[in-house]
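Enquirer: First the structure, which I've put down as structure tokens, then a few questions once you've had a look.
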Amino acid sequence: DWNTAERSIGSHTLTASHDLTDENATNDQASTVVTINDPAGPDPVTNIAVTSVTAVSEVQQGSTAGVNVTVRNVGNQDVGTSFAVTVADDTDGATIGSTTVAGLTAGAQTTVTINWNTASASVGSHTLTGSHDFADDDPSDDQASTTVTVTGTGGPAGTDLAVTSVAAVSQLVQGNIAGVNVTVRNEGTEDVSASFLVTVVDATDGVTVGSRSIAGLAAGAQTTVTIDWNTATSSLGLHTLTASHDVADDDPSNDESSTTVRVTDPSGGSPITDVAVTGVSASSVTQGEVTPVTVSVENVGNQDVITPFTVTVTDATDGVTVGSGSVSGLVAGASTTVTIDWNTAGSSIGTHTLTASHDLGDENASNDEASTITTVNDPGGPSPVTDLAVVGVSAVSELVQGNIAGVNVTVRNEGNQAVGAPFTVSVTDATDDVAVGSATVPGLAAGAQTTVTIDWNTAESSIGLHTLVGRQELPDDDPTNDEGSTTVQVNDPGGDPPVTDIAVTGISVASVTQGTVTPITVTLENLGNQDVTGPFTVRVLDFTEGSTLGLETVTDFAAGTQTTVTIDWNTSGSSIGEHIIIADHDLGDDNLLNDQTMTTATVSAPPLPDEIHVGDLAGSVNNDGRTWSGTVMITVHDPTHGAVAGATVVGAWSREAGAATECVTDGGGTCTVSFAGLRKNIPSIGFSVSTVTLDGQTYAPGENHDSDGDSDGTTITVSKP
């Protein structure tokens with residue numbers, strides 16, 4: 001039992017060991033981490049988050065790509081137990097692989113790489129999801145994803161077993177036994193169901209080391225076997241161990257692979273003859289010119305070389321020999337250079353790979369040649385331009401002080417000249433004004449690019465936002481693109497876990513008349529403890545209509561501050577009635593619950609004009625014996641063709657008489673005028689409306705009409721019975 005009454009608050013490493021003196025001290029102890037919480041402090045939170053999943057954007061089917069999964073302990077409790085991190089291909093519904101993380105202290109993070117063999121992956125875009133299986137307090141951040149496109153290979157791979165690696169110790173004393181690890185991968189599209197043999201031979205002594213049987217291998221799978229090599233009868237010196245399999249497949253070029261192991265004298269050091277080609281250099285040249293190729297060789301063994309040997313330069317691009325030079329001998333530890341002229345009169349235009357090698361049979365063939373690249377320019381072409389550009393600098397967006405982050409610097413040769421000489425890529429922390437580190441790139445062909453990773457140890461870094469600058473150091477023709485930068489937040493290991501939380505806290509919009517433009521104001525607040533420097537988009541949509549009303553970009557949003565954005569709403573095409581208006585943003589933050597809010601607004605119909613008109617004229621007659629009479633009923637309408645009461649209608653009959661010429665409409669919007677005493681020799685009589693009046697209204701005679709079509713709404717004729 002562990003009594004924590006007098007123990008300090010925080011993370012504790014507990015180590016268990018035994019006191020038995022045995023023959024393997026490396027496994028006599030093991031450890032775990034445990035957190036002692038402050039009784040008066042915050043509640044304990046256990047939360048392992050998958051903060052990022054990265055991989056190459058594109059991979060050819062059949063190749064293997066590393067998938068990097070970063071997990072961070074964003075809780076306040078140490079995790080002392082192991083947990084598994086798994087990568088799955090959601091597109092094909094397959095598990096790519098998993099690895100074990102041996103615990104993680106509060107605030108710490110780690111990145112694991114799980115290899116994805118795409119031999120059996122479908123062609124197209126794949127969603128790769130990294131997750132962990134630790135049961136914590138917040139399952140919402142237990143996984144993250146990235147996308148990778150698998151491109152076609154141009155044809156079926158068929159059956160293809162490849163010996164992808166052979167590994168062993170670099171040297172051992174004669175008489176000892178070494179395990180030779182042979183990895184075989186099925187890079188074809190067909191399963192190998194039958195058993196096959198993997199054999200290791202010592203090519204130096206011409207003997208078989210041993211064999212192992214493998215009981216078949218599915219497409220895309222790989223396995224590693226270990227074959228013991230007993231060196232009791234092996235010769236002293238460097239040995240080439242070659243592993244191969246016995247399956248007759250469609251690609252014999254990868255059926256074997258090798259490694260080298262030095263067998264040393266049990267009584268002391270063994271003689272080593274080793275001449276290395278340590279460098280090749282050549283300048284870019286215009287086609288037709290002669291330029292020197294300088295080859296550096298060094299005796300890195302412990303034996304003087306007293307016999308002459310030849311150094312040869314070949315143009316691997318054109319497949320021709322440039323020339324050769326002789327070295328009369330080289331004492332141990334000495335170096336020399338050989339210069340060979342290269343006549344480019346018959347060389348092709350473009351980038352050339354020049355390879356230098358020697359013909360001395362020594363004990364280490366791995367360093368017997370070296371290469372460089374250079375450019376043969378067209379005499380009538382553009383001027384040569386050397387331009388190395390830093391096209392990308394990337395790293396994690398944040399980490400806890402004391403952790404190590406890889407800074408990826410991508411350099412591309414944007415000139416038309418190959419860079420054959422090595423150059424340096426460096427990273428500096430501009431915020432703290434310190435050098436992070438550097439790496440050497442051995443050269444870069446025109447149009448090619450490469451990415452180097454430089455580790456940044458933040459143990460001494462200040463808390464806050466850091467600007468990391470990646471730079472290539474080769475003097476070239478365009479210094480404006482020699483560097484790039486990115487920003488990383490370094491968090492206090494004793495502080496609160498970093499939280500990014502942009503909340504949409506309000507939305508306001510007034511009700512509006514259809515056809516007008518009204519502003520919608522959205523209020524946002526950074527409720528997290530992290531500044532948001534990258535842009536994100538605020539969107540306003542009309543949920544009722546299913547349409548987006550507008551977008552607005554927000555940048556540089558400091559923690560604890562708020563801001564507003566205004567988006568205009570043109571209601572010309574909006575329907576009459578209540579509308580649900582929603583505002584949200586597209587920043588992927590740590591709290592999705594407050595990323596949107598809503599309100600309602602009413603779109604009203606525009607007011608009708610204050611106008612009245614005649615909606616109907618209806619005539620009727622009556623036989624009065626020796627005379628007849630005619631009557632006209634007038635109906636008055638508003639703009640919606642509703643009845644209008646109280647309107648005074650004034651008109652005129654087509655004959656002079658004392659008949660009524662005006663009337664006032666009743667509640668139904670109608671009134672009548674009559675002409676009586678008409679003699680029978682009068683065939684008809686007409687009535688025309690002159691004016692219609694009502695307080696606050698305007699008579700619009702152009703709108704007059706007749707619902708039944710027996711008049712034009714202004715004049716009607718009534719015929720005798």
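The values are calculated or read from the model by the stated rules, or taken from the named source; none is laboratory data. As the structure is a computational prediction, the values presented were derived from the model and not from experiment. Here Cβ is always computed from backbone atoms with ideal geometry, including for glycine, and neighbour counts include all displayed protein chains.
Enquirer: Kindly indicate which of Val411, Val452, Val427, Val469 is touching a Phe, Trp or Tyr at 6+ places or on another chain (Cβ under 8 Å) and either assigned to a strand (DSSP E or B) or under 14 Å from Gly484 (Cα atoms) (or both).
Expert: Val427
Enquirer: Could I ask something else about it? Going through region 582-591 one residue at a time, which ones are over 17 Å from Pro519 (Cα atoms) and over 20 Å from the mean Cα position of the chain (by Cα)? Give the steps one after another, and end with the answer.
Expert: First, pick out the residues of region 582-591 that are over 17 Å from Pro519 (Cα atoms): 585-591.
Asn591, the sole residue that qualifies.
Enquirer: Could you run through region 101-146 and say how many residues are within 19 Å of the chain's Cα centre (by Cα), polar (S, T, N, Q) and over 29 Å from Leu217 (Cβ atoms)?
Expert: Result for region 101-146: 3.
Enquirer: Going through region 46-75 one residue at a time, which ones are assigned to a loop (DSSP other than H, G, I, E, B), in contact with a helix residue (DSSP H, G or I) (Cβ under 9 Å, 6 or more places away or on another chain) and closer than 19 Å to Ser125 by Cβ?
Expert: Within region 46-75, Gln61, Gly62, Ser63 meet the criteria.
Enquirer: Could you list, in sequence order, all residues of region 216-238 that are closer than 30 Å to Ala194 by Cα and either of a type in the set (D, E, K, R) or part of a loop (DSSP other than H, G, I, E, B) (or both)?
Expert: Within region 216-238, Gly216, Ala218, Ala219, Gly220, Ala221, Asp228 qualify.
Enquirer: Quick one: is Gly506 more than 29 Å from the chain's Cα centre (by Cα), at pLDDT below 95 and in a strand (DSSP E or B)?
Expert: It is true that Gly506 is more than 29 Å from the chain's Cα centre (by Cα), at pLDDT below 95 and in a strand (DSSP E or B).
Enquirer: So, one more: Could you please find all residues in region 538-567 being loosely packed, with under 14 Cβ neighbours inside 10 Å, under 25 Å from the mean Cα position of the chain (by Cα) and not β-branched (Val, Ile, Thr)?
Expert: Leu551, Asp556, Ala558, listed by residue number.
Enquirer: Return yes when Val200 is over 33 Å from the mean Cα position of the chain (by Cα) and closer than 12 Å to Gln222 by Cβ and no when it is not. Full working, then the answer.
Expert: Details: over 33 Å from the mean Cα position of the chain (by Cα): yes; closer than 12 Å to Gln222 by Cβ: no.
Taking the combined requirement at face value, the residue does not satisfy it.
Enquirer: Shifting gears a bit: Among the residues in region 247-270, are any touching a His at 6+ places or on another chain (Cβ under 9 Å) and under 25 Å from Asp341 (Cβ atoms)?
Expert: No, every residue in region 247-270 fails to be touching a His at 6+ places or on another chain (Cβ under 9 Å) and under 25 Å from Asp341 (Cβ atoms).
Enquirer: Okay, moving on. How many of the residues making up region 278-304 are buried (at least 16 other Cβ atoms within 10 Å of the Cβ), in a loop (DSSP other than H, G, I, E, B) and touching an Asp or Glu at 6+ places or on another chain (Cβ under 9 Å)?
Expert: Counting residues in region 278-304 that are buried (at least 16 other Cβ atoms within 10 Å of the Cβ), in a loop (DSSP other than H, G, I, E, B) and touching an Asp or Glu at 6+ places or on another chain (Cβ under 9 Å) gives 3.
Enquirer: Among the candidates Val300, Val327, Val311, Val305, single out the residue that is touching a Leu at 6+ places or on another chain (Cβ under 6 Å), over 30 Å from Gly415 (Cα atoms) and not assigned by TED's automatic domain parsing to the domain that holds Gly415.
Expert: On the way: Val300 fails: touching a Leu at 6+ places or on another chain (Cβ under 6 Å); Val327 fails: touching a Leu at 6+ places or on another chain (Cβ under 6 Å); Val311 fails: touching a Leu at 6+ places or on another chain (Cβ under 6 Å).
After ruling out the rest, the residue left standing is Val305.
Enquirer: Here are Val331, Val338: which of them is aliphatic (A, V, I, L, M) and surrounded by fewer than 14 Cβ atoms within 10 Å (Cβ to Cβ)?
Expert: Just one listed residue meets the conditions, Val331.
Enquirer: Is it the case that region 242-257 has a residue that's touching a strand residue (DSSP E or B) at 6+ places or on another chain (Cβ under 7 Å), in the same structural domain as Gly188 (by TED's automatic domain parsing), within 17 Å of Ser170 (Cβ to Cβ) and in a loop (DSSP other than H, G, I, E, B)? Break it down stepwise before answering.
Expert: Going through region 242-257, the residues touching a strand residue (DSSP E or B) at 6+ places or on another chain (Cβ under 7 Å) turn out to be 242-247, 249, 254-257.
If we keep only those that are in the same structural domain as Gly188 (by TED's automatic domain parsing) as well, we get 242-247, 249, 254-257.
Subset that is within 17 Å of Ser170 (Cβ to Cβ): 242-243, 257.
When the remaining residues are screened for being in a loop (DSSP other than H, G, I, E, B), the result is none.
Within region 242-257, not a single residue is touching a strand residue (DSSP E or B) at 6+ places or on another chain (Cβ under 7 Å), in the same structural domain as Gly188 (by TED's automatic domain parsing), within 17 Å of Ser170 (Cβ to Cβ) and in a loop (DSSP other than H, G, I, E, B).
Enquirer: Now a separate question. Considering only residues that are touching a residue at least 40 places away in the same chain (Cβ under 8 Å) and assigned to a loop (DSSP other than H, G, I, E, B), which ones fall in region 76-103?
Expert: Asn76, Gln77, Asp78, Gly80, Thr81, Asp90, Gly103
Enquirer: Then there's this: So, Leu524, is that one within 30 Å of Ser397 (Cα to Cα) and either assigned by TED's automatic domain parsing to the domain that holds Asp141 or not small (Gly, Ala, Ser) (or both) or not?
Expert: The answer is yes for Leu524.
Enquirer: What number goes with the only condition from (1) among the small types (Gly, Ala, Ser); (2) within 24 Å of Ser244 (Cβ to Cβ); (3) surrounded by fewer than 17 Cβ atoms within 10 Å (Cβ to Cβ) that Ser125 does not pass?
Expert: (2)
Enquirer: Any idea which of (1) hydroxyl-bearing (Ser, Thr, Tyr); (2) closer than 30 Å to Gly494 by Cβ; (3) modelled with pLDDT under 75 is the one Thr54 doesn't satisfy?
Expert: (3)
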